[in-house]
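Below is one structure; the comments refer to it alone.
The values are calculated or read from the model by the stated rules, or taken from the named source; none is laboratory data. Please read these numbers as outputs of a predicted model, since none were measured by experiment. We place every Cβ from the backbone using ideal geometry, glycine too, and count neighbours over all the protein chains shown. Heavy atoms of the whole protein, side chains included, go into the accessibility calculation; ligands, DNA and RNA do not. Shrake-Rupley method; radii C 1.70, N 1.55, O 1.52, S 1.80 Å.
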Amino acid sequence: LLEADGVQIRLGPQTAGAGAAPPSSAALAGEVPSSSRTTCGGWILPTRTHWLAARVDPDTDLGDETGLICVWRNRSFTAFDEALLAQFARLSATSLRNALVYEQEHQIALTLQNSLLPAKVPAVDGIDVQVRYRPSGAHTGVGGDWFDVIELPNKRVGLVIGDVMGHGLASAAFMGQLRVALRAFATEGHSPSKVLERADWLLPTIGGESIAAVIYAIIETDGRPRYANAGHPPPLGGQNGGSATYLSHGQSTPVGAGLA
């Protein structure tokens, strides 16, 4: 757009460039005063080269990520060029601010989600519980996915797998409330269907319009499972001899859908 010969962009400690390099002895613009958006200058090394710089300021308290965009060419820049580069710097600052805010929320949600997952799997005589949890990705996987292992009376074990609709801090917080509610209902000794039914009644009071897909199973002392499925993909049950089948019974609508 500016028909520049070269460009250098600096954001915080990072610098990148494109196009023709400036003369080896030329000093690029150091800063643009906070009172202005752009500043102009020139080099005479050996022929005159004009440069134009614009300030990039995301205006956040999330770290020192102010920056500078500097372009140069062999003819002077016009007032229109200055306005164009200033607008581009504003758009860059907005994008940078959004990225910083998103990254901060992502880190908070990740910390919250990890703190709400079981720190260790309880040891129960006669039952061996192994857990492997892998979020779908560094960003999209943060939010409402969880699992739980609950010690129940008479050496039984409750297993929970759940997924709250959406991602981010709100979903992670809602997941924490739902996990505690399910634990409370499970330790009261209710059947799997009753646990999910009570959670469905409770959700409108704690989560607004949020919904969750949940499986709750009770593993009896002889290894037999009793389970209920509220809108979650059916789990895979393995048997002696290596065969496996999907546990597709006991299915209902997601918790919070209001259709139970």
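Only the Cβ atoms of Lys and Arg (+1) and of Asp and Glu (-1) were treated as charged; on that basis the dipole of the chain about its Cα centre amounts to roughly 240 debye. Computed with every protein chain present, the accessible area of LEU110 is close to 50 Å² [probe 1.4 Å]. Accessible surface area normalised per residue over the chain is 57 Å², counting heavy atoms of protein chains with a 1.4 Å rolling probe. Descending by average beta-carbon neighbour count within 10 Å, the peptides 26-34, 89-97, 213-221, 234-242 line up as 213-221, 89-97, 26-34, 234-242, the highest first. Using only DSSP helix segments of four residues or longer, with each worth -39500 (n - 2.57), what per-residue ellipticity at 222 nm results for the chain after dividing by its residue count and rounding to 500? It lands at -10000 deg cm²/dmol.
In the stretch 142-260, the C-alpha radius of gyration followed by the widest Cα-Cα span (Dmax) gives 14.1, 46 angstrom.
Measuring nothing but protein heavy atoms, the accessible surface of the chain at 1.4 Å probe radius is 54 percent carbon and sulfur.
Expressed in Å, the radius of gyration and Dmax of the Cα atoms of the stretch 199-247 are 14.7, 46. Taking N as the residue count of the chain, its C-alpha radius of gyration divided by 2.2 N^0.38 Å amounts to 1.59. Taking every protein chain into account, the 1.4 Å probe leaves TRP43 with about 20 Å² of accessible area, to the nearest ten. Within the listed set PHE185, PHE147, PHE88, the Gaussian network model of the chain (springs between alpha-carbon atoms below 10 Å) gives the highest mean-square fluctuation for PHE88.
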